[in-house]
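Below is one structure; the comments refer to it alone.
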Amino acid sequence: MTIKDICASFRIDGRYVGCEELSTGNINCTYQVKFIRDGEEKNYIVQKINKTVFKEPEMVMDNIVRVTHHIRSNIIKKGLSTQKFVLRAFLAKDTDEPFFIDDAGDYWRCYRFIANSITYDSCEDLGIIERAGSAFGKFQKYLDGFDANSLNITIPDFHNTAKRYSALHAAVQDDKYKRVKSVKEEIDKLYAFELEACKLQKYLDEGSMPLRVTHNDTKCNNVSFDKTTGEALAVLDLDTVMPGAVAHDFGDAIRFIANTTLEDDPNVEDVSLDIDKYQAFTKGFITELKGTLTELEKQTMNLGVFAMTVELAVRFLTDYISGDKYFKTKYPGHNVDRARNQIALAEDIIKKRGQMDAILEKYI
Ligand SMILES: Nc1ncnc2c1ncn2[C@@H]1O[C@H](COP(=O)(O)OP(=O)(O)O)[C@@H](O)[C@H]1O
Ligand SMILES: [Mg+2]
């Protein structure tokens, strides 16, 4: 089926003009589609959902529809534009479902393209980082009151750090590829972090912390910005929306945005936490959440930064020891470089914790 055929399966009006594949995402296949309606150009996003990552696309779409519905009602209450600030999924003509299944059994969805918007794969500009923080903070805020427990768990134990550690322990025990000896130092470092990194999960398990709706992929290229004004618009990529801790979203965003180098840079001397970027994101995010966070949530925000960094290191190292089966690798040892990079970041986070706490305190 062509993209034009896929578009014809959804309840969208106008005449199909053409499409362009977007390369910014790395999970789904994404196309920007141009239509003409009443002489005006209308843009849509058509995406093939990655079935390897999301085993139950219906569940993913059910979460997205309910979450965007809740956000939309809060945006309307505020008198803001729903076209700008929240994703809208169109229904399929034949089924009225927010997805279409093609002949090959693949799932497609169609969103309104956020008009005149752009996304950034990496962010150097502190203003953009602050506005990204505020967009993710608003996302949290608009979902306050939504029963997180009612969401489908589309990827079980996604941020269960303790389970990620169990997988590492098992892989080390197994040592199927005889790789453990070569990463002894990394394993030791991660084991030394284990107790601290798993604390967040412990608080969730014992119910000391509210379960929130979390985005779980708080990268800057998942926020759309107005091309002209630079204003942050809708938060995109809601595939991984699930119940979690607010510190998961905050921590993972900082881990990604504030690293002074790329996530897989093998030169670990270049890895550190950029405190200015930390401050910018924190200011945006926390300012939106003022008055909504519990005491423990405030106290565990920076623990989240550490935990998310260590968790990813654990996942990279587990994958290396288990034969590089999960993450795509570009060369042998790619996963070790990634793990070392995240370990170096975690070490720097420990060093800068005092500074981070002082900044957080200022905005909380
Ligand atoms: N509704 C939308 N409006 C504008 N751009 C979008 C929209 N949805 C996705 N995009 C663009 O497509 C990219 C990939 O989409 P995304 O949903 O993030 O997929 P992936 O899961 O592959 O990262 C985004 O980074 C953004 O640039
Ligand atoms: Mg994305």
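The values are calculated or read from the model by the stated rules, or taken from the named source; none is laboratory data. What you see is a predicted model; the values in this text were computed from it and never measured. Using ideal geometry, Cβ is built from the backbone for each residue, glycine included, and neighbour counts are taken over all protein chains shown. Side chains included, ligands, DNA and RNA excluded: accessible areas come from the protein's heavy atoms. Shrake-Rupley method; radii C 1.70, N 1.55, O 1.52, S 1.80 Å.
Going residue by residue through region 196-214, is there one that turns out to be more than 16 Å from ligand 1 (Cβ to nearest atom), touching a Cys at 6+ places or on another chain (Cβ under 7 Å), assigned to a helix (DSSP H, G or I) and without any contact (Cβ under 8 Å) to a residue 60 or more places away in the chain?
no
For (1) over 20 Å from the mean Cα position of the chain (by Cα); (2) modelled with pLDDT under 95, each residue gets a yes or a no:
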{"residue": "118", "(1), (2)": "no, no"}
{"residue": "123", "(1), (2)": "no, yes"}
{"residue": "126", "(1), (2)": "no, no"}
{"residue": "134", "(1), (2)": "no, no"}
{"residue": "138", "(1), (2)": "no, no"}
{"residue": "146", "(1), (2)": "no, no"}
{"residue": "166", "(1), (2)": "yes, no"}
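Just checking, which of 229, 154 is free of Cβ contacts under 8 Å to residues at least 40 places away in the same chain, part of a loop (DSSP other than H, G, I, E, B) and not assigned by TED's automatic domain parsing to the domain that holds residue 84? Talk me through it step by step, then tell me what you get.
Details: 154 fails: free of Cβ contacts under 8 Å to residues at least 40 places away in the same chain.
The match here is 229.
Can you confirm whether region 32-52 contains a residue that is loosely packed, with under 13 Cβ neighbours inside 10 Å, assigned to a strand (DSSP E or B) and within 16 Å of ligand 2 (Cβ to nearest atom)?
no
Taking the stated definitions as given, is residue 274 in the same structural domain as residue 184 (by TED's automatic domain parsing), closer than 17 Å to residue 189 by Cα and free of Cβ contacts under 8 Å to residues at least 40 places away in the same chain?
no
Condition check: assigned to a loop (DSSP other than H, G, I, E, B) and among the aromatic types (Phe, Trp, Tyr). Does residue 327 satisfy that?
For residue 327, the condition - assigned to a loop (DSSP other than H, G, I, E, B) and among the aromatic types (Phe, Trp, Tyr) - is met.
Take region 116-137 and flag every residue that is surrounded by fewer than 17 Cβ atoms within 10 Å (Cβ to Cβ) and either among the charged types (D, E, K, R) or within 16 Å of ligand 1 (Cβ to nearest atom) (or both).
116, 118, 121, 122, 124, 125
Which numbered condition in (1) part of a loop (DSSP other than H, G, I, E, B); (2) surrounded by fewer than 24 Cβ atoms within 10 Å (Cβ to Cβ) is the only one that residue 238 fails?
(2)
Within region 11-26, is there a residue that is over 18 Å from the mean Cα position of the chain (by Cα), away from ligand 2 (no atom under 16 Å from the Cβ), within 17 Å of residue 110 (Cβ to Cβ) and assigned to a helix (DSSP H, G or I)?
No, the conditions are met nowhere in region 11-26.
Cβ-Cβ below 8 Å, separation at least six or inter-chain, first residue in region 343-364 and under 18 Å from residue 290 (Cβ atoms), second open to solvent by 50 Å² or more (accessible area, probe 1.4 Å) and part of a helix (DSSP H, G or I): which pairs?
Cβ pairs passing all conditions: 359/279; 360/298; 363/283; 363/287; 364/298.
Exactly one of these conditions fails for residue 289: (1) open to solvent by less than 10 Å² (accessible area, probe 1.4 Å); (2) more than 20 Å from the chain's Cα centre (by Cα). Give me its number.
Failing condition for residue 289: (2).
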